[in-house]
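Please read the structure below before turning to the comments.
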Amino acid sequence: MSVTFPGLLTRARALATGRRRALLGIAGAPGSGKSTLAERLVRELNGDGEPWAASVPMDGFHLSDAELERLGRRGRKGAPDTFDAAGYAALLRRLREEADGDDTVYAPAFERDLEQPLAGAIPVPPAARLVVTEGNYLLLDTGAWARVRPQLDEVWFCETAEPERIRRLTARHERFGKNPEQAAAWAQGPDQRNADLVAGTRARADLVVTVS
């Protein structure tokens, strides 16, 4: 199904027409353009006037490198079991259940320069009627990840041509400190294994969005 960006905006706005806060998920493989799409959606939606949309990426729930070292998973960073999936699902539930209160909900962010999560870095004010969250594993139905999808009103699956996805991913790794050989090895090794897993969740999405 081909959907224009204005069509995506219309669909996102429609999610937030009820009394309660809506949550929109954007899933996809590493480098597929999820973050870019989510950020653009929120920016354009908030351009309507008073800000009413917020972005809460899944990546803030990365386990720290120190914890990954302790668990022996440092070389698999980015795999499903290197995140606090239960914590992420709990935050989504809180965002839904506390939408009518007066308190700001704080979410963690992921600092790419440090490659580490940062607690309490993203404020979601009571005025936010739509929260857009993006990440690889929103549609995964195993372990604590299975608690994520029920909290989301819709999940869109973001995909791009495989050569372009790998090119973007490799360039991103280089931009944040890896040399070309390390970047290519990571993109075609751990990242590719994660991408193959994510591809298997595509059929569970409400909408597939192709990003050029």
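I need the full set of residues from the range 91-107 which are out of contact with any strand residue (DSSP E or B) (no Cβ under 8 Å at 6 or more places or on another chain) and crowded, with 16+ Cβ neighbours inside 10 Å, in order please.
Hit for the range 91-107 is ALA99, nothing else.
Restricting to the range 178-212, what's the tally of residues that are without any contact (Cβ under 8 Å) to a residue 60 or more places away in the chain and not in a helix (DSSP H, G or I)?
6
Quick check: anything in the range 84-107 part of a loop (DSSP other than H, G, I, E, B), within 22 Å of ARG193 (Cβ to Cβ) and either at pLDDT below 95 or not small (Gly, Ala, Ser) (or both)?
Yes - at least one qualifying residue is present in the range 84-107.
Which pairs have Cβ atoms under 8 Å, sit 6 or more apart or on different chains, and link a residue in the range 36-59 that is closer than 16 Å to VAL209 by Cβ and in a helix (DSSP H, G or I) to one that is acidic (Asp, Glu) and at pLDDT 95 or above?
What qualifies is LEU37/GLU134; ALA38/GLU134.
Being within 24 Å of THR17 (Cα to Cα) and β-branched (Val, Ile, Thr) is the filter here, so list the residues in the range 123-147 that pass it.
Scanning the range 123-147 gives VAL124, VAL131, VAL132, THR133.
Can you confirm whether ARG73 is surrounded by fewer than 20 Cβ atoms within 10 Å (Cβ to Cβ), more than 22 Å from ALA14 (Cβ to Cβ) and not hydrophobic (A, V, I, L, M, F, W, C)? Spell out the reasoning first.
On the way: surrounded by fewer than 20 Cβ atoms within 10 Å (Cβ to Cβ): yes; more than 22 Å from ALA14 (Cβ to Cβ): yes; not hydrophobic (A, V, I, L, M, F, W, C): yes.
Considered against the rule, which asks whether it is surrounded by fewer than 20 Cβ atoms within 10 Å (Cβ to Cβ), more than 22 Å from ALA14 (Cβ to Cβ) and not hydrophobic (A, V, I, L, M, F, W, C), ARG73 comes out as yes.
Please enumerate the residues belonging to the range 143-160 that are out of contact with any Ser or Thr (no Cβ under 6 Å at 6 or more places or on another chain) and either under 18 Å from VAL208 (Cα atoms) or without any contact (Cβ under 8 Å) to a residue 24 or more places away in the chain (or both).
ALA146, ARG149, PRO150, LEU152, ASP153, GLU154, VAL155, TRP156, PHE157
What are the residues in the range 108-136 that are in a loop (DSSP other than H, G, I, E, B) and crowded, with 22+ Cβ neighbours inside 10 Å, if any?
The answer is ALA128, ASN136.
Going through the range 100-140 one residue at a time, which ones are charged (D, E, K, R) and within 17 Å of the chain's Cα centre (by Cα)?
Once the filter is applied, which keeps residues that are charged (D, E, K, R) and within 17 Å of the chain's Cα centre (by Cα), the range 100-140 yields GLU111, ARG112, GLU115, GLU134.
Can you tell me how many residues in the range 162-205 are within 24 Å of GLY7 (Cβ to Cβ) and loosely packed, with under 14 Cβ neighbours inside 10 Å?
1
Here is a list of conditions, (1) farther than 26 Å from ALA185 by Cβ; (2) surrounded by 15 or more Cβ atoms within 10 Å (Cβ to Cβ); (3) in contact (Cβ under 8 Å) with a residue 12 or more places away in the chain, and GLY78 meets all of them except one; can you say which number that is?
For GLY78, the exception is condition (1).
On the basis of being part of a strand (DSSP E or B) and under 21 Å from VAL208 (Cα atoms), does GLY25 make the cut?
Yes: the conditions hold for GLY25.
Quick check, is ASP141 at pLDDT 95 or above and not basic (Lys, Arg)?
yes
Looking at the range 63-77 only, could you name the residues that are within 16 Å of GLY143 (Cβ to Cβ) and either in a helix (DSSP H, G or I) or in contact with a Pro (Cβ under 7 Å, 6 or more places away or on another chain) (or both)?
If the condition is that a residue be within 16 Å of GLY143 (Cβ to Cβ) and either in a helix (DSSP H, G or I) or in contact with a Pro (Cβ under 7 Å, 6 or more places away or on another chain) (or both), then LEU71, ARG76 are the ones that fit.
The values are calculated or read from the model by the stated rules, or taken from the named source; none is laboratory data. As the structure is a prediction and not an experimental result, all values here were calculated from the model. Backbone-built Cβ (ideal geometry, glycine too); neighbour counts: all protein chains shown.
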